[in-house]
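Enquirer: Sending over a structure as C-alpha cells; questions will come in a sec.
No lab work stands behind these numbers, since they all come straight from the coordinates. Here the structure is a predicted model, which is why all the values come from computation and not from measurement. Positions of Cβ are backbone-derived with ideal geometry, glycine not excepted, and every protein chain shown enters the neighbour counts.
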Amino acid sequence: MSTPIDYSPLLTQLKNSALCEWAETLPAQITSGLSEQRYGDLPSWYHALNSLPKVKSTYTYFGDKVTIGKREELSTEQYQQLESALRSLIPWRKGPFELFGLHIDTEWRSDWKWQRLQRHIAPLKDRNVLDVGCGNGYHCWRMYGEGASQVIGIDPSPRFIVQFYMVKHFLENCSVDLLPVGIEALPPKMEYFDTTFSMGVLYHRRSPMDHLLELRDTLKPGGELVLETLVIDGGIGDALVPEGRYGKMNNVWFLPSVPTLLSWLKKCGFVNARCINQCTTDTKEQRTTDWMQFQSLEDFLDPTAPDKTIEGHPGPVRAVIVANKRK
C-alpha cells in the first residue's frame, strides 16, 4: 500500500473488531482505489498533502464551519504554504471549512443540509457511523462532532480522499477515516454500523433497490438509515427516469416521489420510514465560489424558468428520509 495516507490505525482497529476479515482485504482495495496508474493527478495531490505545515492544533470546532487551528498558530510562510496546498486540490465541493483562519468557501453549503436533519435523527454519541458517498468528508466531521465513537466514510474519488486527509493532517487521535471505495466493496451482510448515511447518492445508482439493500446490510438490526436524495412531486409509484441528462449530469437514473421512496424502503426491509424534510435546492446553497470555479447550479437551471433544469425537467428538490432496519 504505497500512499502517504496512514491507514494503519484503522486497519489495526478493524482487525480487532467484527470486521477482521475485511481488514485483510482492505489494503488491496485501498491500493486499487488510490492507484497512480488510474489517477494521474494523485502524485501532485500527494505532493500538496506532504507540503502542509507540520503542525498540530488542539483548537477544533466541528460545527457549521468545520474549524481547525487559529491564525496565530502559523507563521506567514506557513499560512501561505497552507493556502497553496489547499488550492491545488480545487474544486472543493462540500463544506465550509476554516483551517488556521483560512476560509474554504465550498460549492455547497453542506451545513444547511446538516441543520435540516440534525434534530430528527438518533443521537450519534457512542455510535459506529458509516457515510456512503461522503465526498471530502465534511459531514463525517459533523458526525464526529456529535460524539460518534467511529466514523468511516467511503467515496471512490481520490481527490476527495486527499482533501479529507489534508484536514485530518492537523489533528491527532481522531477516529474518522475515509476509504477510496464504493459501497459494492463492503463485505456483504456486514451488519456493523449503528447509523448509515447516504446523502446525494441514490439518484446516481442504476438500481435504487440494490442500493437500498446494500445500505440495509451495513446496519445492525434496528440501526438507522439517513437517506437524502432528489425527489419529484407525485404519489406512490411515481418516479422520473430522465432521458439523457438531468441538470447536465449524465449519471442521474431515478428520481422517485417521496411516497414511492417510502414504499421502496418498506419493500427492502426498513420500518418506521418517514420524510423529515423536503426543500428546493437554490443557488444560495449550491454555487460557484473562489474554491469551486466551475459551473454550478445556476448553469444547470433554465434561465427563463428557474424551477426547471436546463433540459426542462422539474428543478432539484431534495428530501431527507429516516428509517430503521427491521430487528
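Enquirer: Quote to one decimal, in nm, the extra length available between residue 248 and residue 299 on full extension: 0.36 nm per residue of separation minus the C-alpha distance between them.
Expert: Result: 17.5 nm gained on full extension.
Enquirer: Which is the longest part of the chain that has none of the GluC sites (Glu not before Pro) sitting in a DSSP loop with at most 10 other Cβ atoms within 10 Å?
Expert: 1-171
Enquirer: So, one more: Cα centroid distance between region 244-288 and region 27-49, in Å?
Expert: 32
Enquirer: What lysines could a cross-link reach from residue 125, if we take a straight Cα to Cα line under 28 Å and drop same-chain neighbours fewer than 8 places away?
Expert: 15, 56, 65, 70, 94, 113, 168, 189, 220, 266, 325, 327
Enquirer: Using the crude model of +1 on Lys and Arg Cβ and -1 on Asp and Glu Cβ, and no other charge, please compute the dipole size for the chain relative to its Cα centre, in debye to 20. Let's see the in-between values first.
Expert: On the way: 36 positive and 39 negative charges, 159 e Å.
Here the chain has a charge dipole of around 760 debye.
Enquirer: Still on this structure: For residue 88 and residue 279, compute 0.36 nm times the residue count separating them, minus their Cα-Cα distance, and round to one decimal in nm.
Expert: 65.4 nm
Enquirer: If you take every DSSP beta bridge fully contained in the chain, what fraction is antiparallel? Give it as a percent rounded to 5. Don't jump to the answer; show the numbers that get you there.
Expert: Values: 30 of 53 bridges.
Counting only bridges with both partners in the chain, antiparallel ones make up about 55 percent.
Enquirer: May I pose another question? D for the chain, whole µm²/s, Stokes-Einstein with Kirkwood Rh over alpha-carbon pairs at 10 °C and 1.306 mPa s: what number?
Expert: On the way: Rh = 20.5 Å.
In µm²/s, the coefficient is 77.
Enquirer: Extending each Cα 7 Å along its Cβ direction at residue 59 and residue 28, get the distance between those two points in nm, one decimal.
Expert: Those two pseudo-labels are separated by 4.7 nm.
Enquirer: Also, I was wondering about something else. Nearest 20 debye, what's the magnitude of the dipole of region 23-67 about its Cα centre given +1 on Lys and Arg Cβ and -1 on Asp and Glu Cβ?
Expert: In debye, rounded to 20, region 23-67 gives about 220.
Enquirer: Can you put 84, 57 in order, fewest other beta carbons within 10 Å first?
Expert: The fewest-first ordering by Cβ neighbours comes to 84, 57.
Enquirer: Between residue 13 and residue 72, 0.36 nm times their residue separation minus their Cα-Cα distance comes to what?
Expert: 17.7 nm
Enquirer: Which residue fluctuates the most in the chain, going by a Gaussian network model with Cα springs under 10 Å, if the choices are 229, 218, 58?
Expert: Between 229, 218, 58, it is 58 that shows the largest mean-square fluctuation.
Enquirer: Suppose every Lys and Arg Cβ carries +1 and every Asp and Glu Cβ carries -1, with no other charges. What dipole size does region 91-140 come out with about its Cα centre, to the nearest 20 debye? Walk me through the intermediate numbers first.
Expert: Values: 8 positive and 6 negative charges, 52 e Å.
Charge dipole, region 91-140, about its Cα centre: 240 debye, nearest 20.
Enquirer: In addition: Along the positive direction of the dipole of the chain (beta-carbon charges: Lys, Arg +1; Asp, Glu -1; about the Cα centre), which of 66, 293, 82 reaches farthest?
Expert: 66
Enquirer: Still on this structure, please answer the following. Calculate, for residue 41 and residue 119, the FRET efficiency according to 1/(1 + (r/R0)^6) with r their C-beta to C-beta distance and R0 41 Å; round to the nearest 0.05.
Expert: The computed FRET efficiency comes out at 0.55.
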